[in-house]
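Peer 1: Questions regarding the structure given below will be posed in turn.
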Amino acid sequence: MAAYKQLYTLEFDRKEMKKNTAILIALTLVTLLWIGCEKEPEPAGTALQFISGQNQSGFINLELSDSVIVRVFDQNGMPFTGYEIVFRVDSSSFGQLSSAGQTADSLLLTTDSLGFARALWTLGNTVGTQTITIVATALSGSPLVVSATGIPWMQDSRDGKYYRTVDIGTQVWMAENLNYETNSSFVDSSFPAAVYGRFYTWIDANMICPSGWHLPSDVEWSTLENSLGGNAVGSLLKSIDGWNFGYGNNLSGMNIYPAGQMNPDSSFSNLTSEASLWTSTQTSVDTVWRRKLVNGSTAITKGLIAKDYGLSCRCLQD
């Protein structure tokens with residue numbers, strides 16, 4: 001009887017062990033399945049990358065042509081959607097930003113489905129360098145500083161054209177040749193680059209500047225030259241390209257290109273080697289003073305020319 005009870009106990013213990021082992025295995029499997037089904041951690045934004053819009057130039061108080069664009073990536077190098085980024089101008093005189101119907105000096109934007117955030121920048125009234133800062137909290141590459149150059153300008157109300165302007169001493173000059181088209185204006189059709197403007201006879205030149213501007217006199221040209229340091233200022237006035245040789249450095253901002261001239265027989269000459277510009281001052285019934293820049297010279301020269309030539313015009317603010 002005792003032996004039978006002992007065998008029964010051993011058999012019962014074996015069954016319990018099997019049962020407990022089965023339970024343990026089941027629990028282990030459930031745990032493994034639960035671990036396997038657990039979601040991977042969501043990726044986080046890690047890097048802010050500049051895409052485009054740096055170092056633009058544009059007219060003050062007008063919108064730049066290119067958007068300022070940045071992009072956010074996660075730790076796997078994939079575009080990150082919905083990351084908040086602040087675009088802000090760095091001074092009250094550096095303009096405003098706009099995006100998706102919002103316009104302000106500081107915008108809170110979120111990245112799109114491809115990780116991009118973008119804004120248009122309307123420059124302020126500061127001539128020269130203006131900046132905005134782009135901040136994306138906790139991202140490498142943040143903050144980003146974006147710069148643009150503000151250029152002064154005037155608009156000709158007759159045809160809507162914009163012209164750069166430059167302050168020299170007490171004067172305000174157009175920094176481009178006049179390009180207002182009339183029936184008596186002329187273009188060298190072999191090289192009609194916008195930087196050369198149009199040619200006008202002296203009679204037309206005296207009437208062609210827009211309202212609030214006029215053709216400068218010989219004395220006013222001399223005032224410009226003296227403000228820059230005298231006669232040897234040709235290099236300061238010349239453009240940095242376009243000349244056959246003897247390029248300028250344009251430190252004055254006048255940016256005078258070698259447009260040449262139109263002769264009385266309607267032919268054109270001296271393109272890329274000379275710039276000839278009218279003054280309003282006549283010396284006789286047939287002749288007037290002009291200003292001329294030539295290849296290889298650091299001077300601006302004063303000379304006489306007949307009124308029936310076609311020369312370039314630079315207008316001076318009244």
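Here, each number is a calculation from the coordinates, and none is a lab measurement. Keep in mind the model is a prediction, meaning the values are calculated, not measured. Heads up, the Cβs are rebuilt from the backbone with ideal geometry, glycines too, and the neighbour counts pull from every protein chain shown.
Peer 1: Which one, GLY230, SER184, SER252, is farthest towards the positive end of the dipole of the range 182-274 when Lys and Arg carry +1 and Asp and Glu -1 on their Cβ?
Peer 2: Farthest towards the positive end: SER252.
Peer 1: So how strong a dipole does the range 45-182 carry about its Cα centre when Lys and Arg Cβ are +1 and Asp and Glu Cβ are -1, to the nearest 20 debye? Present the calculation step by step, with values, prior to reporting the outcome.
Peer 2: Values: 6 positive and 12 negative charges, 28 e Å.
So the dipole magnitude of the range 45-182 works out to roughly 140 debye.
Peer 1: What does the range 45-151 give for Rg and for Dmax, in Å, if only its C-alpha atoms count?
Peer 2: 13.4, 43
Peer 1: Using mean Cβ contacts within 10 Å as the protection proxy, how do 161-172, 307-318 order, highest first?
Peer 2: Details: 161-172: 15.7, 307-318: 20.3.
Packing order, densest peptide first, comes out as 307-318, 161-172.
Peer 1: Would you work out if the range 153-317 is rounded, prolate or oblate? Take a ≥ b ≥ c from the square roots of the eigenvalues of the alpha-carbon gyration tensor; rounded if a/c is under 1.5, else prolate when a/b is larger than b/c, oblate otherwise.
Peer 2: rounded
Peer 1: Rounded to the nearest 5, what % of the DSSP beta bridges within the range 196-318 are antiparallel ones?
Peer 2: Details: 18 of 21 bridges.
About 85 percent, rounded to the nearest 5.
Peer 1: Right, another one. Which far-off residues, 5 or more places away or on another chain, put their amide H under 5 Å from the one on THR281, with H placed in the peptide plane?
Peer 2: Here ASP218, TRP289 satisfy the definition.
Peer 1: Can you work out the Karplus-derived ³J(HN,Hα) for every residue in the range 165-179? Use 6.51 cos²θ - 1.76 cosθ + 1.60 with θ = phi - 60°, whole Hz, and x for glycine or proline.
Peer 2: After applying 6.51 cos²θ - 1.76 cosθ + 1.60, I find 10, 8, 8, 10, x, 9, 9, 10, 10, 5, 9, 9, 5, 4, 9 Hz.
Peer 1: Further question on the same structure: Ranked highest first by the average count of other Cβ atoms within 10 Å around their residues, in what order do 46-55, 100-109 fall?
Peer 2: Details: 46-55: 15.9, 100-109: 13.6.
Averaged packing, sorted descending, gives the order 46-55, 100-109.
Peer 1: Quick check: net charge around MET254, other residues with Cβ under 10 Å of its Cβ, Lys/Arg +1 and Asp/Glu -1? List each step's numbers first, then the result.
Peer 2: On the way: positive: ARG164, LYS238, ARG314; negative: GLU176.
My count for the surroundings of MET254 gives +2.
Peer 1: Along the Cα→Cβ direction, 7 angstrom out, place labels at THR149 and MET78. What is the inter-label distance in nm?
Peer 2: Distance between the two pseudo-spin positions: 4.3 nm.
Peer 1: How big is the chain along each principal axis, measuring the range of its Cα positions in Å and listing the largest first?
Peer 2: 152, 38, 37
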